[in-house]
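Structure record follows, encoded as structure tokens.
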Number of protein chains: 2
Amino acid sequence: MKTKNNFPRLSLIGAGPGDPELITVKALKALAQADVVLYDALANEVLLDYAPSKAKRIFVGKRKGKHSLTQDEINTLIVQTALQYGHVVRLKGGDPFVFGRGKEEADYAALFNIPYEYIPGISSAVSVPGLQGIPVTHRGSSESFWVLTGNTKKGTLSKDVELAAQTNATAVILMGTSKLKDIAKVYQKHNKGDVPVAVIYNGSQFSEAVAIGKIDTIAETAQQLNNKGPGIIVIGEVVKHHPDYAVLLREFGQFLN
Amino acid sequence: MKTKNNFPRLSLIGAGPGDPELITVKALKALAQADVVLYDALANEVLLDYAPSKAKRIFVGKRKGKHSLTQDEINTLIVQTALQYGHVVRLKGGDPFVFGRGKEEADYAALFNIPYEYIPGISSAVSVPGLQGIPVTHRGSSESFWVLTGNTKKGTLSKDVELAAQTNATAVILMGTSKLKDIAKVYQKHNKGDVPVAVIYNGSQFSEAVAIGKIDTIAETAQQLNNKGPGIIVIGEVVKHHPDYAVLLREFGQFLN
């Protein structure tokens, strides 16, 4: 039976970094009106409870090295389910426009006259460092922050990392933990072996873990955690604000400086 | 009368870009337990209704060119009110750690053994462009985004703008509209006069207004809006995703290219 809400439309929703309370009021309202929820691996599945019980729930997540669905298949599924059921909520971890390919999905839907709304989410780029006590900007430490990906279209390290290594901006690298050694090499090439680094796994979740070090040592320190979860790399002076940094400095002063 | 919640503590809360529904569930829960709310000019005042009616509400906002309170005075007020009343909620526009000086406030409170919690907010840096249909990252247009401020400690344009002009990163400049001409000059120096630019005022609010153009023309276009509200500058290929861009291109093709 058609309901008044049942016209084809797409809500691109950011679910935030993992903690299910870090979703917006607006996003929960949209979820409550979903006919279909297409959700990622990164989004916390507890959030699915906010959708009506009769709403279809379809996992379309991409996991590292194993694509459940290609982006083209997701685009097609959005259109098919919108035309068949009505309101499609596309629930993504973080924010849909921060390496989320959200605009591609919106543009594809637009080809079928399916309108979209964008409901921003808490990006892990700012919040995950912040929850570890690392502000991405701080007077005296950093006037700007640069958000990059370790996972470009070509699978290579983004050239932007090379440029970021030459600035004093805080660099926040998403989806880059598997390339941590390569990233460190880029910084070392520019004599930045002493710059502080944090690698944060499973940010904002109970399984959160962090490695603190400097460019020259971080790959080894992070490896010791042996964490396979999604990780965020933060490079720059602001990492000194992490409470562990002072401890490391006191105990291994020679090592860190 | 002391209550069980009445011990001195600080919640640094991001209120998001302006739309009061773009606050997180976690932030609302903290607000509901506030004994004192210290709030900025940027935060939507409707949110104050979520605090208990008996909670003190104190405006500590800084408006352009007119500081209601200095940062030192705010730091002191946080400590005084926390010691006197208990739970202080510091409600800031956007996210507390994106040019919000939140960590300075947390560090000052820590000197008095007042613990803090950080509750991230939707930063206008990503959400305000996104709500205008401009994704800060997009395959084929931009692999990264760089968030800068036009308003540094010294009052001068950040040197990072000079570096950003030499990259293909999307540049998002907060608090920079009064320096729009200076910013354009920096890009022109690097032969980037044709790079698309958007200036968005009062993002996510009813009074939202946008100017779309390119580096060579944006200062004039933005001036015609005559908008004195807080504005965000977005520079880079992703601005071509704004729906007005295709219209401008069609009607003023010569002008824009």
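Coordinate-derived values only; no laboratory data. Here the structure is a predicted model, which means the values were calculated and not measured. Here Cβ is always computed from backbone atoms with ideal geometry, including for glycine, and neighbour counts include all displayed protein chains.
Yes/no matrix, rows are residues, columns are (1) over 13 Å from B:Gly16 (Cα atoms); (2) without any contact (Cβ under 8 Å) to a residue 40 or more places away in the chain; (3) touching a strand residue (DSSP E or B) at 6+ places or on another chain (Cβ under 6 Å):
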{"residue": "B:Ala41", "(1), (2), (3)": "no, no, yes"}
{"residue": "B:Glu45", "(1), (2), (3)": "no, yes, no"}
{"residue": "B:Lys56", "(1), (2), (3)": "yes, yes, yes"}
{"residue": "B:Thr70", "(1), (2), (3)": "yes, yes, no"}
{"residue": "B:Glu73", "(1), (2), (3)": "yes, yes, no"}
{"residue": "B:Ile78", "(1), (2), (3)": "yes, no, yes"}
{"residue": "B:Tyr85", "(1), (2), (3)": "yes, no, yes"}
{"residue": "B:Val98", "(1), (2), (3)": "no, no, no"}
{"residue": "B:Tyr108", "(1), (2), (3)": "yes, yes, no"}
(request) Return the only residue of A:Gly155, A:Gly121 being in contact (Cβ under 8 Å) with a residue 40 or more places away in the chain and either in contact with a Leu (Cβ under 6 Å, 6 or more places away or on another chain) or not in a helix (DSSP H, G or I) (or both). (result) A:Gly121
(message) If the requirement is being of a type in the set (A, V, I, L, M), over 16 Å from the mean Cα position of the chain (by Cα) and within 29 Å of B:Ile23 (Cβ to Cβ), which of these qualifies: B:Val238, B:Val161, B:Val234?
(response) B:Val238
(request) Taking the options B:Thr156, B:Thr167, name whichever one is over 19 Å from the mean Cα position of the chain (by Cα) and under 17 Å from A:Glu143 (Cβ atoms). (result) B:Thr167
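Results for (1) buried (at least 16 other Cβ atoms within 10 Å of the Cβ); (2) away from chain B (no Cβ under 14 Å); (3) over 19 Å from the mean Cα position of the chain (by Cα), shown as yes or no for each residue.
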{"site": "A:Val36", "(1), (2), (3)": "yes, yes, yes"}
{"site": "A:Asp49", "(1), (2), (3)": "no, no, yes"}
{"site": "A:Gly61", "(1), (2), (3)": "yes, yes, no"}
{"site": "A:Gln80", "(1), (2), (3)": "no, yes, yes"}
{"site": "A:Leu91", "(1), (2), (3)": "yes, yes, no"}
{"site": "A:Ala109", "(1), (2), (3)": "yes, no, yes"}
{"site": "A:Ile119", "(1), (2), (3)": "yes, no, no"}
(message) Which numbered condition in (1) under 20 Å from the mean Cα position of the chain (by Cα); (2) away from chain A (no Cβ under 14 Å); (3) part of a helix (DSSP H, G or I) is the only one that B:Lys185 fails?
(response) (1)
(message) Looking at B:Gly155, B:Gly176, can you tell me which residue is farther than 23 Å from A:Thr149 by Cα, in contact with a strand residue (DSSP E or B) (Cβ under 7 Å, 6 or more places away or on another chain) and within 14 Å of chain A (Cβ to nearest Cβ)?
(response) B:Gly176
(request) May I ask you to say which residue of B:Pro230, B:Pro243 is surrounded by 16 or more Cβ atoms within 10 Å (Cβ to Cβ), over 21 Å from B:Tyr187 (Cα atoms) and touching a residue at least 12 places away in the same chain (Cβ under 8 Å)? (result) B:Pro230
(message) Every residue in segment A:64-106 that is of a type in the set (Ser, Thr, Tyr) and assigned to a loop (DSSP other than H, G, I, E, B), please.
(response) A:Ser68, A:Thr70
(request) Return the residue satisfying two criteria in turn: it lies in segment B:138-149 and is more than 7 Å from chain A (Cβ to nearest Cβ) and at negative phi, and of such residues it is surrounded by the most Cβ atoms within 10 Å (Cβ to Cβ). (result) B:Ser142
(message) Of everything in segment B:138-152, what is outside any loop (DSSP other than H, G, I, E, B) and within 15 Å of A:Thr167 (Cβ to Cβ)? Give them in sequence order.
(response) B:Phe145, B:Trp146, B:Val147, B:Leu148, B:Thr149
(message) Please count how many residues of segment B:210-254 are of a type in the set (Phe, Trp, Tyr) and over 29 Å from B:Leu42 (Cα atoms).
(response) 1
(message) Being in a loop (DSSP other than H, G, I, E, B), closer than 23 Å to B:Val98 by Cβ and within 14 Å of chain B (Cβ to nearest Cβ) is true for just one of A:Pro135, A:Pro129. Which residue is that?
(response) A:Pro135
